[in-house]
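First up is the structure itself, then whatever we jot down about it.
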Amino acid sequence: MKYVWPDWPMLRRKILSKRIKLLILDFDGTLTAIAETPHDVVLEARTKEALACLDRSPSYQLAIISGRSLKDLTSYFHLKKTFFAGNHGFELKGKKFSLPLRARKAKKLAALVWLLGEKLKEDFSKVPGALIEDKNYTLSLHYRNISREYFPFFKQEVERFKKQYAHWPLIWKEGKKVWDVRPRVKWDKGDAALCFAKKFPGALPIVIGDDVTDEDMFRGLKHRAITIRVGRSRRSSADHYLKSPRDVRKFLEALCHS
Ligand SMILES: [Mg+2]
């Protein structure tokens, strides 16, 4: 995994050689620094400006793919042309996107996700700092704000839940201080990214993300994309890395001025 900036002249040449670029971005931890709770996140003005610049550019198509609900995600942006995917790809917004049947199956499982959320809320009401975010199709169990003394209990309870509801068609995936629970359907951020990429067959995809679920995007598009992880990691499938959301912003600005 190589740092972007020493390679920038080479990357820039590659980027300029393609007429259309499909820039696929994660939100939390990529465009914004991670905050105490998901509601405390701030999208900095300069990042907004860089995104607006790229949104206006005829050489770029932006797609922002997040674990947040589509409604929550889009509330941060005023971008005209950009595509959005919420709930890890279960919700798509953009022109002429319809979910394939297997992804639509997830809708039928939304009631189970809700029910599990209610059970988690009941159980974790005793754990200060635990936050259960019900996003319709998926849920997030945030543990960033749980104090050390409660953490062993939290961990034990998560394991108990996973075991007790193992027969439910749901997937538990651990990210950065969060457990994401979603329908067990073969559809993830990687599939959503591919779905966007199919609309632009000749475009160069540039994929940027920071977490486990973004690895599906890196793997799905690796053969033809520029893949960038936020934060260096030996286990990542991405070829390059940037150091922080601020570094991502500099990269977006550099694209804008290229
Ligand atoms: Mg992220």
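The values are calculated or read from the model by the stated rules, or taken from the named source; none is laboratory data. Predicted model, so just to flag it, every value in this text is computed and none were measured. Neighbour counts run over all protein chains shown; Cβ positions are idealised from the backbone, glycine included.
Cβ-Cβ distance below 9 Å, separation of 6 or more or different chains: which pairs start in the range 13-32 with a residue that is assigned by TED's automatic domain parsing to the domain that holds SER66 and without any contact (Cβ under 8 Å) to a residue 60 or more places away in the chain and end on one that is within 16 Å of the ligand (Cβ to nearest atom) and part of a strand (DSSP E or B)?
Partner pairs satisfying both residue conditions: PHE27/ILE64; PHE27/ILE65.
Here are some conditions: (1) modelled with pLDDT of 95 or more; (2) surrounded by 14 or more Cβ atoms within 10 Å (Cβ to Cβ); (3) not assigned by TED's automatic domain parsing to the domain that holds LEU62; (4) not charged (D, E, K, R). ILE206 meets all but one. Which one does it not meet?
(3) is the only condition that ILE206 fails.
Mind checking whether some residue in the range 128-138 is closer than 22 Å to VAL212 by Cβ, outside the structural domain of LYS155 (by TED's automatic domain parsing) and in contact (Cβ under 8 Å) with a residue 60 or more places away in the chain?
No, the conditions are met nowhere in the range 128-138.
Considering only residues of the range 126-141 that are of a type in the set (A, V, I, L, M) and assigned to a loop (DSSP other than H, G, I, E, B), which is surrounded by the fewest Cβ atoms within 10 Å (Cβ to Cβ)? Quick ask: steps written out before the conclusion?
Within the range 126-141, the first condition is being of a type in the set (A, V, I, L, M), and the residues that meet it are 127, 130-132, 139, 141.
Adding the requirement that they be assigned to a loop (DSSP other than H, G, I, E, B) leaves 127, 130.
Values: VAL127: 17, ALA130: 21.
Only one residue tops the list, namely VAL127.
In the range 232-249, how many are crowded, with 16+ Cβ neighbours inside 10 Å and in contact with a Phe, Trp or Tyr (Cβ under 9 Å, 6 or more places away or on another chain)?
First, pick out the residues of the range 232-249 that are crowded, with 16+ Cβ neighbours inside 10 Å: 236-242, 245, 247-249.
Filter once more, keeping what is in contact with a Phe, Trp or Tyr (Cβ under 9 Å, 6 or more places away or on another chain): 236-242, 247.
Total satisfying the criteria: 8.
Give the range 29-81 a look and list any residue that's closer than 23 Å to TRP187 by Cα and surrounded by fewer than 15 Cβ atoms within 10 Å (Cβ to Cβ), or say none.
LYS71, the sole residue that qualifies.
Answer yes if at least one residue in the range 231-246 is of a type in the set (A, V, I, L, M, F, W, C) and assigned by TED's automatic domain parsing to the domain that holds ILE34, and no otherwise.
Looking through the range 231-246, at least one residue is of a type in the set (A, V, I, L, M, F, W, C) and assigned by TED's automatic domain parsing to the domain that holds ILE34.
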